[in-house]
Amino acid sequence: MTPDKTDPARRRLPTGWRRLAARAPILLFRAGLGPLLGRRFVLLHHVGRVTGNDRRVVLEVVAYEAPYRCWTVASGFGPRSDWYRNLQAQPKTVVQFGNRHHAVTAHFLTPEEGADIMAHYGRRHPRTARRLCAYLGLPADGTESALREAGRAIPFVRLEADAHPPHELRRP
């Protein structure tokens, strides 16, 4: 089924120069400049579910729980995003946050958990939340109910750091 048949309002995955622009932050992380992106982005390392090749994607951190070393990210393009599907196939992976690498396990959140997360995100970043919803073709008026509805439609993943990681992780 094509994305247009499942939900005509949802955006297609970027292609061409938009895809290149979206992937540009990967170069910052590779150059050791990840801290320039602040605490709002992580570089997710994942393995292609079909090819087995190493893959990387930069994702916005929707929620960060520092004491637990836990990052929540969203798949704005839905469950058909490659990184999302790759994590479903192999949930143990590595994220780079700033210049540090962390072994993590992906946990896929329920729509109700997503609603709570999006409502909280909308309170912290109201303008960004409205723009994101509009870009994704979701209700974009910024109300609590619209944000909760959007949160139910967007798949969220919590990346939890392993309990006893090695002292220093090497780059994969």
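The values are calculated or read from the model by the stated rules, or taken from the named source; none is laboratory data. Here the structure is a predicted model, which means the values were calculated and not measured. Positions of Cβ are generated from backbone atoms using ideal geometry, with glycine treated the same way; all protein chains shown enter the neighbour counts.
Take the conditions without any contact (Cβ under 8 Å) to a residue 40 or more places away in the chain and under 14 Å from Val62 (Cα atoms) and apply them to Pro139. Does it pass?
No, not satisfied.
From the list Phe41, Phe29, Phe77, Phe97, which residue is out of contact with any strand residue (DSSP E or B) (no Cβ under 8 Å at 6 or more places or on another chain) and crowded, with 19+ Cβ neighbours inside 10 Å?
Of the residues listed, the single one that is out of contact with any strand residue (DSSP E or B) (no Cβ under 8 Å at 6 or more places or on another chain) and crowded, with 19+ Cβ neighbours inside 10 Å is Phe77.
Restricting to the range 76-95, name every residue that is modelled with pLDDT of 95 or more, over 16 Å from Ala163 (Cβ atoms) and not in a helix (DSSP H, G or I).
Answer for the range 76-95, where residues must be modelled with pLDDT of 95 or more, over 16 Å from Ala163 (Cβ atoms) and not in a helix (DSSP H, G or I): just Gln90.
Collect the residues in the range 109-142 that are of a type in the set (Gly, Ala, Ser) and part of a helix (DSSP H, G or I), keeping them in residue-number order. Write out each step before concluding.
Step one: list which residues in the range 109-142 are of a type in the set (Gly, Ala, Ser), which gives 114-115, 119, 122, 129, 134, 137, 140, 142.
Within the range 109-142, Gly114, Ala115, Ala119, Gly122, Ala129, Ala134 qualify.
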